[in-house]
Amino acid sequence: MRKSKVFVGSSHPELGKLICDRLGVREGNCTLQKFANGETSVSIGESIRDEDCYIVQSGSGRINDHIMELLIMISACRGGSANKITAVVPYFPYSKQSKMKRHRGAITARMIANLLTMAGADHVITMDLHAAQMQGFFTKPVDNLYAGPTLARWIRLNIPEWRDAVVVSKNPGGTKRVTALADALKINFAMINTDRRRRNDFPISRASPTVLGAFDEDDVNNSDPMTLSEIRTARVVQGHVVDDDYEPPNDEDAETSHASQDNEAMYSSVYSLASNHDHALGGTIDATGSDDEDEHAVAQERMITLVGDVKDRTAIIVDDMIDRPGSFIAGAEHCRINCGAKKVYVIATHGVFVDGCLEAMENSWCIDHIVVTNTFPIPPEQRNRSNKLTIIDISPILAECMRRNHYGESISQLFDHMMTI
């Protein structure tokens, strides 16, 4: 690419090198260092006047340091009279904080978008944003790339009998992502929902499916199988699926937990009686609930529900990122133990794997394989210890997007071509 420079930050140098190799260019000369007091220093070591600059910096374990480094690199390129500055951020940091979840909270993802714009970025390239509406936080163009076609191609080439597999959404929020992948593969899909189970709920039957809707026997026999859905439920205690007759330990902590849950239910019912309108900040009373796994909710008893049929099939649980293991392990256990799935694959774009997440999933017998892309840096020692982990190289998509962006070509046609592979 003529009249262009590619600079690689310190968050993911391996991915930056792969992108440069794909483009056939060398990495730009840039010095990154820290002062003794922890401040970040950036120095561009070559002329960038009237050139298009691409800065590759992904989210990582040292997320705050690398965000600051990215902002300083953008500002340095702006001060060097660059013609256009594009921030290539494969894993966008703080993407989970894209909405107001509680009183006096902050929409941090919007703040990061404002910081990138104020630093001088003219364009942002990212991949599989946690919430697609985050593109509206920017006043500059954003290319939100999709790893779906690459994941679909891996499924076709590496999963036996993939035509009979079922793509499973880990939560209702990821249904759109899962249906798009299922449509690309032309296979069925299912959905998992996890909710807190009330103490006075009726016993859960995990053996017999429930058919939605009221049908006559002739209608059921003659109907299309796709019009019927199975619902299978189970109990989840401490992040694992348990039998119906399982009794949690009856200690003081459990009694205290039940008492607090009862008080919470009482207060919420009083609130609902006193107010019939939406939440004062906009939204509903359940605004704090989301598809994100709450670390404090693991200790509560929950109910997991699978809508769909995975019996004697391969279940492919798909999400945009894997950061904590609880919901993936519970979903895999429910698919294998209660729903009769033959194998369970966990596939995501971003493999964040914090706080022993990969080790916990590795030790789960219900998970057969874990597949992520290399948008997020995974330490080599962590990769070497895992026998189930597969990392897909996503640099060809990023490099081709950068090339098309530089020459003013269409980005959408890139994915139209990939869907046919």
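Overview of values
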{"quantity": "Region 282-322, subset among the polar types (S, T, N, Q) and closer than 25 Å to residue 341 by Cβ, residue modelled with the highest pLDDT", "calculated": "314"}
{"quantity": "Residues (under 11 Å from the mean Cα position of the chain (by Cα) and over 22 Å from residue 154 (Cα atoms)) located in region 322-351", "calculated": "324"}
{"quantity": "Scope region 24-59; condition crowded, with 19+ Cβ neighbours inside 10 Å and among the hydroxyl-bearing types (Ser, Thr, Tyr); matching residues", "calculated": "54, 58"}
{"quantity": "Residues within region 147-174 that are modelled with pLDDT under 90 and in a strand (DSSP E or B), tallied", "calculated": "0"}
{"quantity": "Residues satisfying the stated conditions in region 123-141, i.e. assigned to a loop (DSSP other than H, G, I, E, B) and open to solvent by 40 Å² or more (accessible area, probe 1.4 Å)", "calculated": "139, 140, 141"}
{"quantity": "Test for residue 21: is it charged (D, E, K, R), open to solvent by less than 30 Å² (accessible area, probe 1.4 Å) and at pLDDT 95 or above", "calculated": "no"}
{"quantity": "The listed residue being under 21 Å from residue 193 (Cα atoms), charged (D, E, K, R) and either touching a residue at least 24 places away in the same chain (Cβ under 8 Å) or out of contact with any His (no Cβ under 6 Å at 6 or more places or on another chain) (or both), out of 388, 343", "calculated": "343"}
{"quantity": "Test: residue in region 78-85 that is more than 22 Å from residue 409 (Cα to Cα), in contact (Cβ under 8 Å) with a residue 40 or more places away in the chain, buried (at least 22 other Cβ atoms within 10 Å of the Cβ) and over 30 Å from the mean Cα position of the chain (by Cα)", "calculated": "no"}
{"quantity": "Identity of the residue in region 61-112, more than 19 Å from residue 47 (Cα to Cα) and basic (Lys, Arg), that ends up modelled with the highest pLDDT", "calculated": "110"}
{"quantity": "Flag if residue 108 is closer than 30 Å to residue 331 by Cβ and either surrounded by fewer than 17 Cβ atoms within 10 Å (Cβ to Cβ) or of a type in the set (Ser, Thr, Tyr) (or both)", "calculated": "yes"}
{"quantity": "Residue in region 97-104 that is open to solvent by 20 Å² or more (accessible area, probe 1.4 Å), part of a strand (DSSP E or B), over 21 Å from residue 320 (Cβ atoms) and not hydroxyl-bearing (Ser, Thr, Tyr) present", "calculated": "no"}
{"quantity": "Any chance residue 144 is part of a strand (DSSP E or B), surrounded by fewer than 17 Cβ atoms within 10 Å (Cβ to Cβ) and without any contact (Cβ under 8 Å) to a residue 24 or more places away in the chain", "calculated": "yes"}
{"quantity": "Which numbered condition residue 45 misses (of (1) farther than 21 Å from residue 146 by Cα; (2) modelled with pLDDT of 95 or more)", "calculated": "(2)"}
{"quantity": "Pairs with Cβ under 6 Å, 6+ apart, first in region 162-182 and of a type in the set (S, T, N, Q), second open to solvent by 10 Å² or more (accessible area, probe 1.4 Å) and at pLDDT below 90", "calculated": "171/291"}
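Every residue, every condition in (1) closer than 17 Å to residue 346 by Cα; (2) aliphatic (A, V, I, L, M), yes or no:
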{"site": "138", "(1), (2)": "no, no"}
{"site": "146", "(1), (2)": "no, no"}
{"site": "157", "(1), (2)": "yes, yes"}
{"site": "160", "(1), (2)": "yes, no"}
{"site": "165", "(1), (2)": "yes, yes"}
{"site": "169", "(1), (2)": "yes, no"}
{"site": "181", "(1), (2)": "yes, yes"}
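Conditions tested, residue by residue: (1) over 27 Å from the mean Cα position of the chain (by Cα); (2) of a type in the set (Lys, Arg).
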position: 14; (1), (2): no, no
position: 17; (1), (2): no, yes
position: 23; (1), (2): yes, no
position: 33; (1), (2): yes, no
position: 41; (1), (2): yes, no
position: 46; (1), (2): yes, no
position: 50; (1), (2): yes, no
position: 60; (1), (2): no, no
position: 63; (1), (2): no, no
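The values are calculated or read from the model by the stated rules, or taken from the named source; none is laboratory data. None of the values given here were measured: they were computed from a predicted structure. Cβ atoms come from the backbone with ideal geometry, glycine included; neighbour counts cover every protein chain shown. In case anyone asks, the SASA skips ligands and DNA or RNA and just uses the protein heavy atoms, side chains included. Shrake-Rupley method; radii C 1.70, N 1.55, O 1.52, S 1.80 Å.
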